[in-house]
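This report concerns only the one structure given below.
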Amino acid sequence: MRTPLFTLVMLAVAAALYLSFRFVGNDYLFFLGYVVLQYVVIATAWNILGGYCGYVNFGSAGFFAIGVYSTIFFYNIGQAPEEVFPEFLLTPMKWIFPLPLPVLIVLGGVFAGLIGLGMGYLTLRLRGVFFAIATLALAVVLETFIVNWSFVGGSRGAYVIPPENIPVFGPFIQYLFVLMLLLAVASVVAARLIERSRLGIGFATIRDDELAAETSGVPTLRLKLIATVLSGALFGMAGAPFPFYIGYVEPNSAFNLSYAVNAIAMPMIGGTTSWVGPMIGALILSTLQQVVTVTISSAVNLLITGLLLIGFVILAPNGLIGLWHDWTGRRSKS
């Protein structure tokens, strides 16, 4: 299926999902759907660097938090521009601020992508466990910086008050759901396009044998920098609407361990070598976590994630997609 047709199919599925939720008329579905779609974007973002290139990123929560706090930064400017700009700039700035949420999502992606570029330039000469530790250290540095930055709330946190209703959409959560739905579609389409392009082939050569790729003339550092920028940008865009979803953000919620763990577990469960693997893993695991949160407790979520991750690493290291390929391969031989 060609990319334009695939995009139209995905948009049609997204429209059908939104209309079905509207037909049911229960806003809880939009709250649940937002979280599930958010993890589809997060899992896809991690897989661009961790799955396609084979560079495991433990600093996922840091990139997510960049998107979160970029939104808080611009939101606070919109609430009190006189504290930021000189008097002669107040009038034009009041025309610009407050920024609409789609613009904040783009800005979150830009800032997180730039941080990804800087991180990649500093750390991508490392490999294996050394690179993973470096990404984790970056997340710790970013959290320390945010905790001590009073303008975005610091350690005390920050409040973001969303409007109650949006024209056309109605309740604000439905507007948030639609934005995250479109972002999930865009991330999946982008991942599929990358996988089937020359860029994806270059990523695969790095994952399979980076030394051989370098000796063959593949610009490995440039490709890895592209991967970190794309991955970081998607993480930032996933995090940008989060303050409007939750209403109150403090560093522990933005840099939550669950984002880093789920970002790794979901592609591993679904399969890391294909665009569809992270999507399947995110849909299954995040839906299960939401059901457990409602029926038992949110404290069980990481336990479930850990058990599933251990099980798939031992029994199905290539994820559900790998199991499917193995099963279809055995059927064709028989």
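The values are calculated or read from the model by the stated rules, or taken from the named source; none is laboratory data. Just so you know, these numbers come straight off a predicted model, no measurement behind them. Every residue, glycine among them, receives a Cβ derived from its backbone with ideal geometry; neighbour counts consider all protein chains shown. Areas reflect the complete protein model, heavy atoms only, side chains present, ligands, DNA and RNA absent. Shrake-Rupley method; radii C 1.70, N 1.55, O 1.52, S 1.80 Å.
With respect to the conditions (1) within 15 Å of the chain's Cα centre (by Cα); (2) crowded, with 24+ Cβ neighbours inside 10 Å, Phe58 lacks only one, and its number is (2). Within the range 187-210, residues that are polar (S, T, N, Q) have Cβ atoms under 6 Å from residues that are open to solvent by less than 50 Å² (accessible area, probe 1.4 Å) in these pairs: Ser187/Val41; Ser187/Thr44; Ser187/Leu234; Thr205/Ala213; Thr205/Val218, counting only partners at least 6 apart in sequence or on another chain.
For the range 273-300, the tally of residues that are open to solvent by 40 Å² or more (accessible area, probe 1.4 Å), modelled with pLDDT of 90 or more and of a type in the set (Gly, Ala, Ser) stands at 0.
Here is the figure for the range 224-249: residues that are outside any helix (DSSP H, G or I), modelled with pLDDT of 95 or more and of a type in the set (Gly, Ala, Ser) total 1. If you go through the range 309-327 and pick out every residue that is in a helix (DSSP H, G or I) and either out of contact with any helix residue (DSSP H, G or I) (no Cβ under 6 Å at 6 or more places or on another chain) or hydroxyl-bearing (Ser, Thr, Tyr) (or both), you end up with 11.
One residue stands out among those in the range 190-227 that are under 13 Å from Arg125 (Cα atoms) and in contact with a helix residue (DSSP H, G or I) (Cβ under 7 Å, 6 or more places away or on another chain): the one that is most open to solvent (accessible area, probe 1.4 Å), which is Glu214.
From the residues in the range 256-272 that are open to solvent by 10 Å² or more (accessible area, probe 1.4 Å) and among the hydrophobic types (A, V, I, L, M, F, W, C), which one is farthest from Val56 (Cα to Cα)? Give the steps one after another, and end with the answer.
Filtering the range 256-272 down to residues open to solvent by 10 Å² or more (accessible area, probe 1.4 Å) leaves 256-261, 264, 268, 272.
Those left that are additionally among the hydrophobic types (A, V, I, L, M, F, W, C): 257, 260-261, 264, 268.
Values: Leu257: 16, Ala260: 11, Val261: 12, Ile264: 8, Met268: 11 Å.
The extreme case among them is Leu257.
If you check every pair at least six apart or on different chains, which have Cβ atoms under 6 Å apart with a residue in the range 232-246 that is closer than 9 Å to Ile42 by Cα and surrounded by fewer than 24 Cβ atoms within 10 Å (Cβ to Cβ) first and a residue that is at pLDDT below 95 and not β-branched (Val, Ile, Thr) second? Qualifying pairs under 6 Å: none.
Pro100 satisfies every condition listed in (1) touching a strand residue (DSSP E or B) at 6+ places or on another chain (Cβ under 8 Å); (2) free of Cβ contacts under 8 Å to residues at least 40 places away in the same chain except (1).
Does Phe74 satisfy the condition of being within 18 Å of Tyr245 (Cβ to Cβ), touching a Leu at 6+ places or on another chain (Cβ under 7 Å) and of a type in the set (Phe, Trp, Tyr)? Yes. Can you find even one residue in the range 166-179 that is at positive phi and more than 21 Å from the chain's Cα centre (by Cα)? Yes: one or more hits.
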